[in-house]
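Participant: Here it is, the structure in full.
The values are calculated or read from the model by the stated rules, or taken from the named source; none is laboratory data. This is a predicted model, so every value here is computed, not measured. Heads up, the Cβs are rebuilt from the backbone with ideal geometry, glycines too, and the neighbour counts pull from every protein chain shown. Side chains are part of the model used for accessible areas, which takes the heavy atoms of the whole protein and leaves out ligands, DNA and RNA. Shrake-Rupley method; radii C 1.70, N 1.55, O 1.52, S 1.80 Å.
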Amino acid sequence: MKDLLTSALEAHNTKGKLKMKTKLQLSKNVTMNKPDEKRQGMKVRTVVTGHDAKGRAVFVRDEKVDGTPIPGLGELAFLWNANEPATYPNAGNNPAAPGIFPPVGGIRFIIGAYLPGDFIAPEPTPEMHLEDGDELGGANAGFHRTDTTDFGVVLSGNLALQLDDGAEVSLSPGDVLIENGTRHRWRVVGNVPATLASFIIGAQRR
C-alpha cells in the first residue's frame, strides 16, 4: 500500500496537471490573481517563466498552488518537483515528479505550514531512514534522515530543530537552515503554525 504522503502528492500532481491544461498560457494571457479571492487553507502564488516556440522568454503561469493536508505534519504546497536536471529552452512545465524527497540529480521546492504541538511526526515515507524508536508512537517519534541537502527559510512562526544528542536550535522568520543529511526532528515553538520554505536536492550517502 502506498504511504500517505506519496498518495497525497500523486493526487496533488494529478490535479495540477489538469489545471495546467486550462491555465497554461502565453505571456499576454497569464491568469492574474484576484486580491479579493477567498483563501481556503494554504495557497501559494507561484509565477513560472519559460520559452515560447521561438525560444523567447515568457510568463507561462501565475496561479495559486493549493496546499495538501498531511496528518501529523500540517500542510505542504508542492511548487516544483523534478527528478532530473532541467534542459533549456523549455516550456516551463513542472515535471511533477512523485514523492517528497528527490533522487540524486533531482530537486523539490516545497512550502510547508507546520502545526503547533509535540514534535512533528508524519507517517514516514520509504526515503526516510529511521532508527529504533523513531517510528510513530516511539520514544523518538519524528526523528529521521534523508539522502538530501535541504535549504530552508523560515517565513513565519518559530521552529526548533533537534539533533541526535538532544542539541536544539530555535529558528525565527528570516532564519536559514542548511540540513546536510543528518538525523533530526522538528517542532513548532508557540501556539501558532510555522511556515518553512524548503529547497531539497538529492544527495548520495556513502
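Participant: If I ask for residues that are aromatic (Phe, Trp, Tyr) and within 24 Å of Arg45 (Cβ to Cβ), which ones from segment 85-114 would you list?
Facilitator: Residues satisfying the conditions are Tyr88, Phe109, Tyr114.
Participant: Let me ask something else about it. Among Met32, Met20, which is in a loop (DSSP other than H, G, I, E, B) and either more than 21 Å from Thr195 (Cα to Cα) or at pLDDT below 95 (or both)?
Facilitator: Answer to the selection: Met32.
Participant: Restricting to segment 61-110, and then to whatever is small (Gly, Ala, Ser) and not in a loop (DSSP other than H, G, I, E, B), can you tell me which residue is nearest to the chain's Cα centre (by Cα)?
Facilitator: Filtering segment 61-110 for residues that are small (Gly, Ala, Ser) and not in a loop (DSSP other than H, G, I, E, B), the one nearest to the chain's Cα centre (by Cα) comes out as Ala77.
Participant: Of all residues in segment 128-176, count the ones that are open to solvent by 30 Å² or more (accessible area, probe 1.4 Å) and either of a type in the set (D, E, K, R) or within 24 Å of Pro71 (Cβ to Cβ) (or both).
Facilitator: The total comes to 18.
Participant: Quick check on Pro126: is it in a loop (DSSP other than H, G, I, E, B), in contact (Cβ under 8 Å) with a residue 40 or more places away in the chain and in contact with a helix residue (DSSP H, G or I) (Cβ under 7 Å, 6 or more places away or on another chain)?
Facilitator: no
Yes/no matrix, rows are residues, columns are (1) surrounded by 12 or more Cβ atoms within 10 Å (Cβ to Cβ); (2) touching a residue at least 12 places away in the same chain (Cβ under 8 Å); (3) among the basic types (Lys, Arg):
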site: Lys54; (1), (2), (3): no, no, yes
site: Ala57; (1), (2), (3): yes, no, no
site: Gly67; (1), (2), (3): yes, yes, no
site: Ala77; (1), (2), (3): yes, yes, no
